[in-house]
Amino acid sequence: MQTVKISLRYGMILGVIALICTALSAAVYFLTTAPIAQAIANQQAELLAQIIPPQSYDNDLLASCDEPHFAQAKTLRIEKICVAEKNHQPVAYAYETIAPDGYSGNIRFLVGITPQGEVLGLRVLEHKETPGLGDKIELRISDWVLSFNHKKISSDNLNDWAVKKDGGQFDQFTGATITPRAIVNQIKRSALPLLQQMKVNAVKEEQN
């Protein structure tokens, strides 16, 4: 009988402790969720401002971001599209895409581009490239990503969209050609189909 009472007492103590821990975890979750979400939103807004000048549009660019809803998106490895508008007309797009053929795997990056095909900016979001070699795609290490600024891509100049080793206009890194090649090639693969699709979407919206 004494053993049963002791077991019940310890069971109740453990139950109370578990309840307190659960309550504390829930409180921490609710207290930190909003600040974390706000920090992420601030970071995303800052990145968007780096590739599309905020004075060039008048809509809420961050709120416009959405997953692509067209069949080619998965093939093109486009994961998110944001639309910058001025007076309800698109003036630029920011799209998140993945180069699958980096030296150490996927390279996730963000591209700002006008409907006319002028690249406004590029920022790398995530990669696993070799430190000291492939990581020069990061702006904090090298200004290589700035070489895309104001470069125009069209069906007439696709041969230029390659690293110099492949006959194009973009520098490669000493001892690390694969990394910059992967980014240039992914822009070459994705930009024009994306712009064409956005044009089709705009026509459909006008018709509706």
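Before moving on, here are some points about what is shown:
- Exposure of residue 199 as accessible area (Å², to 10), given a probe of 1.4 Å and all protein chains: 120 Å²
- Size of the range 52-184 as Cα extents on the principal axes (Å, biggest first): 47, 31, 28
- Solvent exposure of residue 108, expressed as accessible area, is near 60 Å², computed with a probe of 1.4 Å over the protein chains only.
- Sorted largest first by accessible area at a 1.4 angstrom probe radius, with every protein chain in place, the residues 129, 85 fall in the order 85, 129.
- Cross-linked pairs 74/151; 80/165; 74/199; 74/152; 128/165: Cα-Cα separations exceed 20 Å for 74/151; 80/165; 74/152; 128/165.
- Heavy atoms of residue 127: accessible area, 1.4 Å probe, square angstrom to 10: 40 Å²
- Couplings 3J(HN,Hα) of the range 51-63, computed from phi: 10, 9, x, x, 6, 8, 9, 10, 9, 7, 5, 5, 5 Hz, in residue order, whole Hz [Karplus 6.51 cos²θ - 1.76 cosθ + 1.60, θ = phi - 60°; x for Gly and Pro].
- For the range 124-192: rounded, prolate or oblate by the Cα gyration tensor [a/c cutoff 1.5]: prolate
- Per-pair calculated FRET efficiency, R0 = 41 Å: residue 207 and residue 160 via Cβ, rounded to 0.05: 0.70
The values are calculated or read from the model by the stated rules, or taken from the named source; none is laboratory data. For clarity, every value in this text was computed on a predicted model and none was experimentally measured. All Cβ positions, even for glycine, are placed from backbone atoms using ideal geometry, and neighbour counts span all protein chains on display. Accessible surface is based on the protein model in full, side chains and every heavy atom, while ligands, DNA and RNA are left aside. Shrake-Rupley method; radii C 1.70, N 1.55, O 1.52, S 1.80 Å.
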